[in-house]
1. Taking Ala26 as the residue in question, decide whether it is over 30 Å from Thr126 (Cα atoms), at pLDDT 90 or above, under 27 Å from the mean Cα position of the chain (by Cα) and among the small types (Gly, Ala, Ser).
2. Would you mention how many residues in the range 99-129 are part of a loop (DSSP other than H, G, I, E, B) and closer than 25 Å to Gly24 by Cα?
3. Checking the condition under 12 Å from the mean Cα position of the chain (by Cα), surrounded by fewer than 15 Cβ atoms within 10 Å (Cβ to Cβ) and of a type in the set (Asp, Glu), which residue from Glu94, Glu101 passes?
4. Look through Leu75, Leu84, Leu67 and report the one residue that is surrounded by 12 or more Cβ atoms within 10 Å (Cβ to Cβ) and at pLDDT 90 or above.
5. For the range 63-93, give me each residue that is assigned to a helix (DSSP H, G or I), within 18 Å of Ala127 (Cα to Cα) and in contact (Cβ under 8 Å) with a residue 12 or more places away in the chain.
6. I'd like to check something: does the range 6-18 contain any residue that is among the polar types (S, T, N, Q), farther than 30 Å from Leu111 by Cα, modelled with pLDDT under 95 and touching an Asp or Glu at 6+ places or on another chain (Cβ under 9 Å)?
7. Take the residues in the range 45-61 that are in contact (Cβ under 8 Å) with a residue 40 or more places away in the chain and of a type in the set (Lys, Arg); name whichever of them is nearest to Thr13 (Cα to Cα).
Amino acid sequence: MSAPLENAVRIETEMPVHIPTPDGKAVAETVMVKVPALKDPATGEVYLTGEALEIMDKKKARLMGVLLPGEVKELRARLGLTQLKLSGLLGIGEKTCTRWETGRERPSQSLNLMLVALWEGRLNVTALQALRQPTFSWYERIWGIGSCGSEHKPYMIKTTEDPKEPVTHEPCSLAA
């Protein structure tokens with residue numbers, strides 16, 4: 001008995017690529033794409049190769065306006081960012097960036113808009129950093145780290161029963 005596809009013939013066939021609606025619940029459009037395939041002469045069965053699936057995936061990404069995995073990686077390199085820094089800039093997990101670059105996942109629609117804007121130069125890293133909210137640490141606020149170098153100064157927080165009075169704080173000494 002011969003191995004499957006041992007006598008297969010390389011052909012080119014048209015395959016449908018379904019473009020989903022923005023919510024992903026229906027098909028907005030179907031386009032036909034020519035792709036390489038293997039045809040079993042004995043049965044007439046057509047088998048798609050990995051190359052065919054990649055071509056179909058790229059076509060779908062292009063029609064949806066999504067950056068391809070290689071483009072995400074190229075963008076990150078062009079911006080001079082590590083996966084960790086890009087992840088922090090976009091507010092996503094580092095593993096998410098890895099999955100985008102390997103093609104295991106695609107960016108969400110909103111993140112893709114940002115990536116495309118970065119890719120096309122309509123948005124830059126400095127502007128994106130300015131949009132990020134500053135991180136706030138109660139630990140730093142109470143102990144005075146950051147504003148006074150690396151000194152560890154405790155603060156006394158004063159509160160009142162009157163809700164109209166603001167909460168205040170002032171440095172205090174730990175000396176007894």
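The values are calculated or read from the model by the stated rules, or taken from the named source; none is laboratory data. Every value quoted in this text rests on a predicted model; they were computed, and no experiment measured them. Positions of Cβ are generated from backbone atoms using ideal geometry, with glycine treated the same way; all protein chains shown enter the neighbour counts.
1. yes
2. At the first step, the residues of the range 99-129 found to be part of a loop (DSSP other than H, G, I, E, B) are 103-108, 121-124.
Retained after the next criterion (residues that are closer than 25 Å to Gly24 by Cα): 103-108.
Qualifying residue count for the region: 6.
3. After applying the criteria, what remains is Glu94.
4. Testing whether each residue is surrounded by 12 or more Cβ atoms within 10 Å (Cβ to Cβ) and at pLDDT 90 or above leaves just Leu75.
5. Those that are assigned to a helix (DSSP H, G or I), within 18 Å of Ala127 (Cα to Cα) and in contact (Cβ under 8 Å) with a residue 12 or more places away in the chain: Leu75, Arg76, Leu79, Leu89, Leu90.
6. yes
7. Checked the range 45-61; the qualifying residue nearest to Thr13 (Cα to Cα) is Lys59.
One line per residue, one yes/no per condition, for (1) of a type in the set (S, T, N, Q); (2) assigned to a strand (DSSP E or B); (3) at positive phi:
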residue: Lys25; (1), (2), (3): no, no, no
residue: Ala28; (1), (2), (3): no, yes, no
residue: Val31; (1), (2), (3): no, yes, no
residue: Ala37; (1), (2), (3): no, yes, no
residue: Thr43; (1), (2), (3): yes, no, no
residue: Ala52; (1), (2), (3): no, no, no
residue: Ile55; (1), (2), (3): no, no, no
residue: Ala61; (1), (2), (3): no, no, no
